[in-house]
1. Can SER87 be described as under 18 Å from ILE24 (Cα atoms) and either open to solvent by 30 Å² or more (accessible area, probe 1.4 Å) or out of contact with any helix residue (DSSP H, G or I) (no Cβ under 6 Å at 6 or more places or on another chain) (or both)?
2. Quick one: is PHE309 in contact with a Ser or Thr (Cβ under 9 Å, 6 or more places away or on another chain) and either of a type in the set (Gly, Ala, Ser) or surrounded by 23 or more Cβ atoms within 10 Å (Cβ to Cβ) (or both)?
3. Among the residues of region 241-254, which ones are open to solvent by less than 60 Å² (accessible area, probe 1.4 Å) and either farther than 21 Å from HIS318 by Cβ or outside any helix (DSSP H, G or I) (or both)?
4. Assuming ALA181 fulfils every condition listed in (1) closer than 22 Å to ALA200 by Cβ; (2) out of contact with any helix residue (DSSP H, G or I) (no Cβ under 8 Å at 6 or more places or on another chain); (3) of a type in the set (A, V, I, L, M, F, W, C); (4) surrounded by 22 or more Cβ atoms within 10 Å (Cβ to Cβ) apart from one, which condition is it?
5. State yes or no: is GLY317 touching a helix residue (DSSP H, G or I) at 6+ places or on another chain (Cβ under 9 Å), in a helix (DSSP H, G or I) and of a type in the set (Gly, Ala, Ser)?
6. If you check GLU10, GLU37, which single one turns out to be modelled with pLDDT under 95, within 22 Å of ASP170 (Cβ to Cβ) and surrounded by 18 or more Cβ atoms within 10 Å (Cβ to Cβ)?
7. Condition first: farther than 21 Å from THR253 by Cβ, under 25 Å from the mean Cα position of the chain (by Cα) and at pLDDT 75 or above. Can you find one or more residues in region 339-361 that meet it?
8. Name every residue in region 255-278 that is open to solvent by 10 Å² or more (accessible area, probe 1.4 Å), in contact (Cβ under 8 Å) with a residue 12 or more places away in the chain and part of a helix (DSSP H, G or I), in order of residue number.
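The values are calculated or read from the model by the stated rules, or taken from the named source; none is laboratory data. Since the model is a prediction, treat every value here as computed from it, not as a measurement. Here the Cβ positions follow ideal geometry from the backbone for every residue, glycine too, while neighbour counts run over all protein chains shown. These accessible areas exclude ligands, DNA and RNA; they are computed on the full protein's heavy atoms, side chains included. Shrake-Rupley method; radii C 1.70, N 1.55, O 1.52, S 1.80 Å.
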Amino acid sequence: MSHDSTAAPEGAVRKLSGRRRKEIVAVLLFSGGPIFESSIPLSVFGIDRQDAGVPRYRLLVCAGEEGPLRTTGGLELTAPHGLEAISRAGTVVVPAWRSITSPPPEEALDALRRAHEEGARIVGLCTGAFVLAAAGLLDGRPATTHWMYAPTLAKRYPSVHVDPRELFVDDGDVLTSAGTAAGIDLCLHIVRTDHGNEAAGALARRLVVPPRRSGGQERYLDRSLPEEIGADPLAEVVAWALEHLHEQFDVETLAARAYMSRRTFDRRFRSLTGSAPLQWLITQRVLQAQRLLETSDYSVDEVAGRCGFRSPVALRGHFRRQLGSSPAAYRAAYRARRPQGERPQDTDGPQAPAASAPAGAQGQPGGGHSGHPGQQGHAGQHGQQGTSHAERHPDGQMPFPSRRTPAGSAVGSSMSGSSDNGREAYAHSRASLPGQRSAP
């Protein structure tokens, strides 16, 4: 199923209340939000492009809190509307939240809950998903965010089915996107949903971007670890695993090194990283294989052995599921894209990464690809991913994975997280909505 065909079952999207209009889009801005992510919905929905065949939306820029809104580079913005203007919108967009460690203002959360109850479509771009989750709008639903922050979202809100593989997830009346440029993908998807392929294509041409991007976030996943794991006793076991990826071991081995039962180890690992240990381990092996294919002349069979896979067949299967390409095709495409004269250097052993990420990642707003220390990414290997085939970038060189249905959850947590009373009360009050997904 295409990522453009993931609408929730009929009945999950409720009728707009009388005072709301489908063509009105409210963008909710906060101080500290990054200007790039904030500008995406302003550009898509706030500029009249009817001459190019793009239907016009009515944009309302709303301040989510008092005072001038400070953004990237020390700029100060003054929004023409406050939270009261959200009551007229059929779509409410929350761009990237300023810090995944800070709770959003309760007044803004209440406004989002009311908008959703009155049938408005709620959209979270990048770390804007944290605002939607704080409001209780993502409970029991599939969602995504920047891969770097997906483990934290899953850990903090265990009932949200976080999938860090997807560029965006459309669950009918609640939509979320990955980081930065994926916000453009989701906004184009909204235009396509409202007005069809022709209108979305015309807008994409104006923005000089592809109307549809194939693939997900898999090729951007980092092997760094969440900041929280650094002080946990489990960090030593994780560090050992990363240093010994060239050896064949399983999750039982890691549990034994942690002096835990397999069940306890699985629970503790999920609580720290947001991922099942087997998912995490396979992802690390694939990422190691990816680097060896890029930096060495080892054969695919040798790469499989140096990454701890029991056979080249196992490497090829997991590699294709995570990156949408065979190892050989990935290497050929990578080399075709490099500057001429750049040669791979043979490596004598696995290139083990650092065991923990430097401090500072958690408080950075936006989740863009700006070089901040990333959290560990997770690409699942379960059946709901499906089997993807290689697709090529328009330049004809780099293979990208085909889309998968984003309803499956690749990141989750089995621990109960603390949430504010407003979020819990809202989640309980909407538990019986038609089309509502139940928490795992």
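1. Here the answer is yes, as SER87 does meet what is asked.
2. In short, no.
3. Selection gives HIS244, LEU245, PHE249.
4. So the condition that ALA181 fails would be (4).
5. no
6. That would be GLU37, the only listed residue that is modelled with pLDDT under 95, within 22 Å of ASP170 (Cβ to Cβ) and surrounded by 18 or more Cβ atoms within 10 Å (Cβ to Cβ).
7. Checked region 339-361: no residue is farther than 21 Å from THR253 by Cβ, under 25 Å from the mean Cα position of the chain (by Cα) and at pLDDT 75 or above.
8. Scanning region 255-278 gives ARG257, ASP266, ARG267, ARG268, ARG270, LEU272, LEU278.
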